[in-house]
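Report on one structure; see the data block that follows.
Just so it is clear, none of the values below were taken in a lab; they were calculated from the coordinates. Since we're looking at a predicted model, the values are computed, not measured. Don't worry about glycine lacking a Cβ; one is built from the backbone with ideal geometry, like all the others, and counts go over all protein chains shown.
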């Protein structure tokens, strides 16, 4: 895990060693089977959201509660204010407080702090630095968990790997197809970045299909290719949904923004208007090897994927969502020594 001078943090799953990641997935499965409760009595977890959330907020708060701890949720839109992240800045703008001060204060109240930072939204090169979450990690004196930054969503990837293991009995040697889907409100690429790097690390062969102009972050792709070479897995990138899905054991549907148009909604909308055919339907799913369907949610029905496949017998979208609870319980127990 990322370690500051005072504390270890989880910014991405890259912060976990290979053995730690595998052990955490196993612990997640055990916690689910045993309906584990208790272990965090007297502990307080703080959650600070600068963007909206349904699954992350609810599953994390429920995980803390089921382990006997107390979850304290703060929503920046109503309970907080803008924070400055830059070191040495003259604070004459909107932000009345620096992250270093907020992190120090919250560290004196809490045992663990989970953050979903705001995105600057100007351009990808700015957002991909993840300056806000890294500033929190630098100054927090309790474990800090990234609840989705511009570049990474480790909590979703952890639940995804648990779901794959649960469904297939093992991870290594199976094939995952990550297929871009059309949406008027595409998500960030953080879920796919974390999914890709964790998948090849655990031995999945991955095919990614997306329209032209929706390439993933170049450094993340380079990192994933290096990991795949070491682990013996493979990565294929292409523009054909059919080729990606053929022979796949998992088809993972996900819409993400064009990084080329990041921060330019007019160009982004123009590019999306040409991608309406990118939908997951039964014909595509049938190209797989008894392929299961995954989607991190929220999902736009009959636009990203049809009702037929979302509600069909091979859909794992609800198990995937439920596993956020169990995998986060395992993570909290690990971080806090429960």
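Give the relative contact order (percent, whole number) for the chain; include only Cα pairs under 8 Å separated by 6+ residues.
On the way: 669 pairs, mean separation 66.0, N = 338.
The value is 20 percent.
Dividing the alpha-carbon Rg of the chain by 2.2 N^0.38 Å yields what? Write down the numbers at each step before the final one.
Details: Rg = 19.6 Å, N = 338, 2.2 N^0.38 = 20.1 Å.
Normalised by 2.2 N^0.38 Å, the Cα Rg of the chain equals 0.97.
Which whole-number percent is the relative contact order of region 156-321 (Cα, under 8 Å, 6+ apart)? Write down the numbers at each step before the final one.
Values: 315 pairs, mean separation 44.4, N = 166.
Contact order relative to length: 27 percent.
Between region 275-331 and region 11-68, how far is it from one alpha carbon centroid to the other, in angstrom?
Between the Cα centres of region 275-331 and region 11-68 lies a distance of 22 Å.
List 91, 147 from most exposed to least, where exposure is judged by having the fewest other Cβ atoms within 10 Å.
So the ranking, lowest neighbour count to highest, is 91, 147.
With angles folded into 0 to 90 degrees, how steeply does helix 218-231 sit against the dominant principal axis of the chain? Use alpha carbons for both and round to 10.
Helix 218-231 and the main axis of the chain meet at about 70 degrees.
Compute the acute angle (0 to 90°) between the alpha-carbon long axis of helix 154-168 and the principal axis of greatest extent of the alpha-carbon atoms of the chain; round to the nearest 10°.
With rounding to tens, the tilt is 40 degrees.
Rounded to the nearest 10 degrees, what's the angle between the helix 55-66 long axis and the longest principal axis of the chain, both from Cα atoms, 0 to 90?
Compared with the principal axis, the helix lies near 60 degrees.
For n ≥ 4 DSSP H runs only, could you compute -39500 (n - 2.57) per run for the chain, divide by its residues and tell me the 222 nm figure to the nearest 500?
Rounded to the nearest 500, it is -12000 deg cm²/dmol.
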